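Student: Okay, here's the structure, questions in a sec.
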Amino acid sequence: MIKIAVYSLKGGVGKTITAANLGQLYATHRTKRLPGTKRGSLRRVLLVDRDPQGNLSQYFNRYSDGPLEDHPIGTDWAWLDILPGNLSLAAQEDAALDVDRYADQYDLCLIDCQADLGKLTAGAIRCADYLIIPIRLDAFSTNGLSNLMQQLENLQEAAIDARVLGVLVTHDEKTPYSDAIKKLLRERLPLFDTTISRSKWVSESTIEHKPLAEIAGPDKKHPLRPMTTRPAWQYRKVFNEMADRLSNLDKGGKQ
Ligand SMILES: Nc1ncnc2c1ncn2[C@@H]1O[C@H](COP(=O)(O)OP(=O)(O)OP(=O)(O)O)[C@@H](O)[C@H]1O
Ligand SMILES: [Mg+2]
């Protein structure tokens with residue numbers, strides 16, 4: 001089981017939507033396979049909500065108050081399970097995360113982190129083999145390039161010892177600076193080639209609690225055809241890039 005935490009110190013960058021959709025796409029759609037899995041075998045995904053806000057659990061309609069289950073529960077999709085989160089996470093004495101006991105049951109574990117470096121996030125990062133770090137391009141645009149370096153340093157510090165598998169630009173849109181900023185970022189960080197456009201379908205997906213692959217896109221003739229939205233295809237491309245990177249690491253004798 002490959003364990004990946006979706007992490008950023010910044011709020012609202014798309015951590016939850018990224019963890020949710022990379023996981024749901026792998027479990028339900030055709031993507032490149034992860035290393036170590038056989039052709040034709042099941043694609044079993046465990047999502048872990050480590051944010052007391054419980055947004056990931058809400059997205060899959062698996063949120064509830066009160067004591068948390070300590071075993072994964074099913075979602076609306078076979079082979080996609082979730083360990084839900086809620087406020088009681090914040091009160092847990094022991095913030096260490098141990099998902100290795102599920103290693104035989106899943107191929108991929110995606111952990112959604114909270115936007116701070118508290119105990120829960122530290123526990124999640126320690127548990128993960130890799131990190132995916134979403135960043136919002138518009139944050140750089142509004143602040144200009146001046147604090148770009150500071151933000152890069154923060155990213156590097158925060159990476160601790162988990163490997164950064166990739167940095168994902170979200171809320172991408174064409175501005176006078178966007179290409180220059182992406183170029184600068186690409187020189188310093190393992191940016192995914194694919195970026196996620198700013199799209200109303202992403203907010204709609206959040207509001208409707210429907211993964212991007214399942215919401216109807218702008219295709220008027222086939223309003224219910226899945227995978228018609230641009231961000232759904234972009235997330236699938238990101239997944240494939242991620243699988244390629246993992247396969248290359250695997251070949252290079254991972255850890
Ligand atoms: N590419 C995008 N285009 C438009 N809206 C987006 C995009 N990505 C994320 N959003 C919206 O931004 C908001 C924040 O996204 P999300 O909850 O995934 O971020 P987060 O990093 O998990 O936030 P938090 O730090 O609060 O956990 C949501 O309303 C989501 O719909
Ligand atoms: Mg979130």
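The values are calculated or read from the model by the stated rules, or taken from the named source; none is laboratory data. Everything numeric here is computed off the predicted structure, so don't read it as measured data. Using ideal geometry, Cβ is built from the backbone for each residue, glycine included, and neighbour counts are taken over all protein chains shown.
Student: Restricting the search to region 12-22, which residues are small (Gly, Ala, Ser) and either modelled with pLDDT under 95 or more than 16 Å from ligand 2 (Cβ to nearest atom) (or both)?
Tutor: Gly12 - this is the single residue of region 12-22 that is small (Gly, Ala, Ser) and either modelled with pLDDT under 95 or more than 16 Å from ligand 2 (Cβ to nearest atom) (or both).
Student: Right, something else. Any chance region 29-36 includes a residue that's away from ligand 1 (no atom under 16 Å from the Cβ), at pLDDT below 95 and either more than 22 Å from Trp233 (Cα to Cα) or acidic (Asp, Glu) (or both)?
Tutor: Among the residues of region 29-36, at least one is away from ligand 1 (no atom under 16 Å from the Cβ), at pLDDT below 95 and either more than 22 Å from Trp233 (Cα to Cα) or acidic (Asp, Glu) (or both), which makes the answer yes.
Residues checked against (1) modelled with pLDDT under 90; (2) in contact with a helix residue (DSSP H, G or I) (Cβ under 9 Å, 6 or more places away or on another chain); (3) buried (at least 20 other Cβ atoms within 10 Å of the Cβ):
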residue: His209; (1), (2), (3): no, yes, no
residue: Lys221; (1), (2), (3): yes, no, no
residue: Pro226; (1), (2), (3): yes, yes, no
residue: Tyr235; (1), (2), (3): no, yes, yes
residue: Lys251; (1), (2), (3): yes, no, no
residue: Lys254; (1), (2), (3): yes, yes, no
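Student: Which residues, taken from region 112-137, are of a type in the set (A, V, I, L, M, F, W, C) and assigned to a strand (DSSP E or B)?
Tutor: Leu131, Ile132, Ile133, Ile135
A quick yes/no check of all residues on (1) touching a strand residue (DSSP E or B) at 6+ places or on another chain (Cβ under 9 Å); (2) modelled with pLDDT under 95; (3) within 16 Å of ligand 2 (Cβ to nearest atom); (4) not in a loop (DSSP other than H, G, I, E, B):
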residue: Lys3; (1), (2), (3), (4): yes, no, no, yes
residue: Gln24; (1), (2), (3), (4): yes, no, yes, yes
residue: Arg43; (1), (2), (3), (4): yes, yes, no, no
residue: Gln53; (1), (2), (3), (4): no, no, yes, no
residue: Asp70; (1), (2), (3), (4): yes, yes, no, no
residue: Ala95; (1), (2), (3), (4): no, yes, no, no
residue: Leu110; (1), (2), (3), (4): yes, no, yes, yes
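Student: Restricting the search to region 163-181, which residues are within 13 Å of Tyr130 (Cβ to Cβ) and either surrounded by 20 or more Cβ atoms within 10 Å (Cβ to Cβ) or among the small types (Gly, Ala, Ser) (or both)?
Tutor: Leu165, Gly166, Val167, Leu168, listed by residue number.
Student: Going by what's in this entry, would Arg62 be described as touching a Ser or Thr at 6+ places or on another chain (Cβ under 9 Å) and farther than 30 Å from Lys183 by Cβ?
Tutor: When the stated conditions are applied, Arg62 passes them.
Student: Within region 1-28, track down each residue that is within 15 Å of ligand 1 (Cβ to nearest atom) and among the charged types (D, E, K, R).
Tutor: Lys10, Lys15
For every residue, the table says whether it meets (1) farther than 18 Å from Val99 by Cβ; (2) more than 15 Å from ligand 2 (Cβ to nearest atom); (3) assigned to a loop (DSSP other than H, G, I, E, B).
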| position | (1), (2), (3) |
| --- | --- |
| Lys10 | yes, no, yes |
| Lys32 | yes, yes, yes |
| Gly36 | no, yes, yes |
| Leu46 | no, yes, no |
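Student: Looking only at region 124-143, count every residue that is farther than 26 Å from Glu173 by Cα and over 17 Å from the mean Cα position of the chain (by Cα) and tell me the total.
Tutor: Here the count works out to 0.
Student: Of the residues Leu120, Leu87, which single one is touching a residue at least 12 places away in the same chain (Cβ under 8 Å) and surrounded by 17 or more Cβ atoms within 10 Å (Cβ to Cβ)?
Tutor: Exactly one residue qualifies, and that residue is Leu120.
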